[in-house]
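In what follows, a single structure is set out as structure tokens and then discussed.
Readers should treat all values here as calculations from the given coordinates under stated rules, not as data from a laboratory. No experiment lies behind these values; they were computed from the predicted model shown. We place every Cβ from the backbone using ideal geometry, glycine too, and count neighbours over all the protein chains shown.
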Ligand SMILES: [Zn+2]
């Protein structure tokens, strides 16, 4: 009759192990989602929010941006020069 409690404890430990593993996996997934949401909302953000120029990597207010539509996406640039350079670079690809 000793083997039954042993199996019972093993089952409990296994469930706890699975539970902790799922917690860790979920929290990692949630972090990824949060980061993704933050990145996504940045491009949809209010016009006075800072956005990043994808060409020169400078941050600037979206209000001052120079937009460029490419492949259905809208990019914002800090200057016409960056916009034109980015466009030429991506056109060559
Ligand atoms: Zn720039």
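A few comments on the model shown:
- Compared with the alpha-carbon gap, the fully stretched path from residue 64 to residue 50 is longer by 4.1 nm at 0.36 nm per residue.
- Ordering of 66-76, 49-59, 19-29 by packing [mean C-beta count within 10 Å, highest first]: 49-59, 66-76, 19-29
- Here the convex hull built on the C-alpha positions of segment 47-93 has a volume of 59 cubic angstrom per residue.
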